[in-house]
Amino acid sequence: EYMQSKKVFVGEDTSTKLTFKLKRKITAKGKRAEQAKRERWQRSGDIVTDTKLGLMWQDNIKAKTVKKKWKSAKKYCQNLSLGGYSDWRLPNYDELLTIVDYDRYDPAIMQSFKNVASHTYWSSSQNVSDAKVAWDVYFLDGDTDDITKFYEYYVRCVRHRQ
């Protein structure tokens, strides 16, 4: 059994914050689920691999320090050389959502990831109704939104494991 605090923003006014404590009891079934989650995600150096989906994720110090505009973020991933691989790319929206862990907060990302800013990360997916915006994931709590491509946000690259 453990306690976890969460901050929640209420309504449109983000200055209004509500903090509450969440008490959760981990059962044997819950322990098995946590173990399965840990086994799915394997870390090797600066790369985290999702063994279920076959995706390899950048997780070096730059994953929590590099901020780019959307177009530059795509180019950054295309030019990334990490772990002996040079076929990195900016993840699409669905791929980026696979690394969110909604059981965690600040950051809401799978536990194998060590280099994460609890902030907004770009996806390569554009909003189909407005080419000026792209989808993102906010890793403080796992929330998503579409934002103007001209802002600078964080970049985490992905590649398919061969």
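Can you confirm whether the stretch 22-40 contains a residue that is closer than 24 Å to SER124 by Cβ and either open to solvent by less than 70 Å² (accessible area, probe 1.4 Å) or at pLDDT 70 or above (or both)?
Among the residues of the stretch 22-40, at least one is closer than 24 Å to SER124 by Cβ and either open to solvent by less than 70 Å² (accessible area, probe 1.4 Å) or at pLDDT 70 or above (or both), which makes the answer yes.
In the stretch 72-85, how many are assigned to a helix (DSSP H, G or I), open to solvent by 70 Å² or more (accessible area, probe 1.4 Å) and within 17 Å of ASP46 (Cβ to Cβ)?
1
Which count do you get for residues in the stretch 60-71 that are part of a helix (DSSP H, G or I) and surrounded by 15 or more Cβ atoms within 10 Å (Cβ to Cβ)? Walk me through how you get there before you give the answer.
To start, the set of residues in the stretch 60-71 that are part of a helix (DSSP H, G or I) comprises 61-64, 70-71.
Those still in the list that are surrounded by 15 or more Cβ atoms within 10 Å (Cβ to Cβ) too: 62-64, 70.
Looking only at that region, the number is 4.
Would it be correct to say that THR148 is more than 10 Å from the chain's Cα centre (by Cα), farther than 20 Å from ARG40 by Cβ and β-branched (Val, Ile, Thr)?
So THR148 passes the test.
Please work out which residue is most open to solvent (accessible area, probe 1.4 Å), limiting yourself to the stretch 86-142 and to residues that are in a loop (DSSP other than H, G, I, E, B) and touching a Lys or Arg at 6+ places or on another chain (Cβ under 6 Å).
ASP87
Residues of the stretch 48-59 being under 19 Å from LYS114 (Cα atoms) and either touching a residue at least 40 places away in the same chain (Cβ under 8 Å) or buried (at least 19 other Cβ atoms within 10 Å of the Cβ) (or both), which ones?
Across the stretch 48-59, the qualifying residues are VAL48, THR49, ASP50, LEU55, MET56, TRP57, GLN58, ASP59.
The values are calculated or read from the model by the stated rules, or taken from the named source; none is laboratory data. Predicted, not measured: the structure shown is a model, and the values here were computed from it. Here Cβ is always computed from backbone atoms with ideal geometry, including for glycine, and neighbour counts include all displayed protein chains. Heavy atoms of the whole protein, side chains included, go into the accessibility calculation; ligands, DNA and RNA do not. Shrake-Rupley method; radii C 1.70, N 1.55, O 1.52, S 1.80 Å.
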